[in-house]
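What follows is a single structure, written as structure tokens, with notes after it.
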Amino acid sequence: MCGRYTLAKPIQTLKSHFSPVHIYLEYFPNYNIAPGQISPIVTNRSNQLEMLEMKWGLIPSWSKDEKISRNLINARSETIHEKPSFRNSFKSQRCLIPADSFIEWKGKEKQPYCIRMKSQGLFAFAGLWSTWDSGDSSMNTFIIITTEANAKLSPLHSRMPVILHPENYTAWLSPASALESLTSFFSPYPDNELEYFEISKDTNSTRNNRPNLLQPAGQTSITFS
């Protein structure tokens, strides 16, 4: 499961990480990205990497109602090749979703935890995207692919987003890649490269979006260099 994530690194960090990439958006750091919000994704269209904005919550092209997106924020990696909502996007509309942490909750008290790289570096989820035409206008939407949680994160949740290693970005985005070969990317990310810690319950409200939401308990400041 992934119901909230963050992207607060400077735009120059994104440019460097996904280089060469053409950027078609006005970038703002976001410390509390929630379903239904607009966020940057990276695609390979016309044989070039493009970073553009899409709405989180997939609307399949065949859907008659955009409300379906409320239930399509995560896609299980085990079934994306067969489910009608995902299989066409898996064939030809795969994307990278830039992030620098994601949020998971534990217990009845809904205590949020921030999960990030130990290096505190930028990374990317594996995702799918789709264009939906309402008749009056069109909308691009995306979904995050999930897999089984690794041993470190399993006390928080049984699922985690698929985090791609940078050396696999090209293959994931390439329309020429064999779909069978891409399933090898769906393994849980290595335990020893991730860390997590308690953060403020203010994160639970999507109205809150400020840097100190991600401040580890007992730490007086946080940076996003």
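The values are calculated or read from the model by the stated rules, or taken from the named source; none is laboratory data. This is a predicted model, so every value here is computed, not measured. As a convention, Cβ positions derive from the backbone with ideal geometry for all residues, glycine included, and neighbour counts pool all protein chains shown. Ligands, DNA and RNA are stripped out before the accessible areas are found, and what is left, the full protein with its side chains, is counted by its heavy atoms. Shrake-Rupley method; radii C 1.70, N 1.55, O 1.52, S 1.80 Å.
The residue that is farthest from the chain's Cα centre (by Cα), counting only those in the stretch 102-126 that are on the phi > 0 side of the Ramachandran plot and in contact (Cβ under 8 Å) with a residue 12 or more places away in the chain, is K110.
Of all residues in the stretch 38-70, those being open to solvent by less than 40 Å² (accessible area, probe 1.4 Å), modelled with pLDDT of 95 or more and not in a loop (DSSP other than H, G, I, E, B) number 10.
Matching residues to (1) over 27 Å from N44 (Cα atoms); (2) of a type outside the set (V, I, T); (3) open to solvent by 40 Å² or more (accessible area, probe 1.4 Å):
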residue	(1), (2), (3)
G121	no, yes, no
A126	no, yes, no
D136	no, yes, yes
T147	no, no, no
N150	yes, yes, no
L156	yes, yes, no
L164	no, yes, no
L179	no, yes, yes
E198	yes, yes, yes
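Residues that are open to solvent by 100 Å² or more (accessible area, probe 1.4 Å) and within 12 Å of I145 (Cα to Cα) within the stretch 76-93 comprise R76, H81, listed in sequence order. There is at least one residue in the stretch 10-21 that is touching a Leu at 6+ places or on another chain (Cβ under 6 Å) and over 29 Å from K152 (Cα atoms).
Please work out if A8 is open to solvent by less than 30 Å² (accessible area, probe 1.4 Å), aliphatic (A, V, I, L, M), in contact with a strand residue (DSSP E or B) (Cβ under 8 Å, 6 or more places away or on another chain) and over 29 Å from T183 (Cβ atoms). In short, yes. For the stretch 18-37, the set of residues classified as of a type in the set (A, V, I, L, M, F, W, C) and surrounded by 15 or more Cβ atoms within 10 Å (Cβ to Cβ) consists of F18, V21, I23, L25, I33, A34, listed by residue number. Counting the residues of the stretch 95-119 that are open to solvent by 10 Å² or more (accessible area, probe 1.4 Å) and assigned to a strand (DSSP E or B) gives 7.
Restricted to strands (runs of 3 or more DSSP E) entirely inside the stretch 122-225, those with at least 2 residues that are acidic (D, E) are 194-198. When P35, P20 are checked against the criterion of being under 17 Å from the mean Cα position of the chain (by Cα) and of a type outside the set (D, E), P35 stands alone in meeting it.
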